[in-house]
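Bear in mind these aren't lab numbers, they're just calculated from the coordinates by the rules spelled out. What you see is a predicted model, and the numbers here were worked out from it, not measured in a lab.
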Amino acid sequence: MIDLFELHRIGWAYYSYREWQVMDIEMSPVIKNKKTDRVDTKFVKLLQNAYATP
């Protein structure tokens with residue numbers, strides 16, 4: 001999908017509800033202020049590969 005969006009110059013962004021405290025409206029503000037741990041998921045690796053400098 002990323003390749004298609006880029007090919008047709010369509011702007012896009014990915015936000016996953018409940019994976020980042022700042023975006024989760026159900027979490028306590030106290031928890032929101034804690035640092036989010038970074039995890040190398042398959043999706044993160046896909047994006048890293050898509051935007052790697054050749």
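Table for the structure above
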{"quantity": "Segment Arg38-His8, extension gain: residue separation times 0.36 nm, minus the distance between their alpha carbons", "calculated": "7.7 nm"}
{"quantity": "Length released on extending from Tyr15 to Gln48, taking residue separation times 0.36 nm less the Cα-Cα span", "calculated": "10.3 nm"}
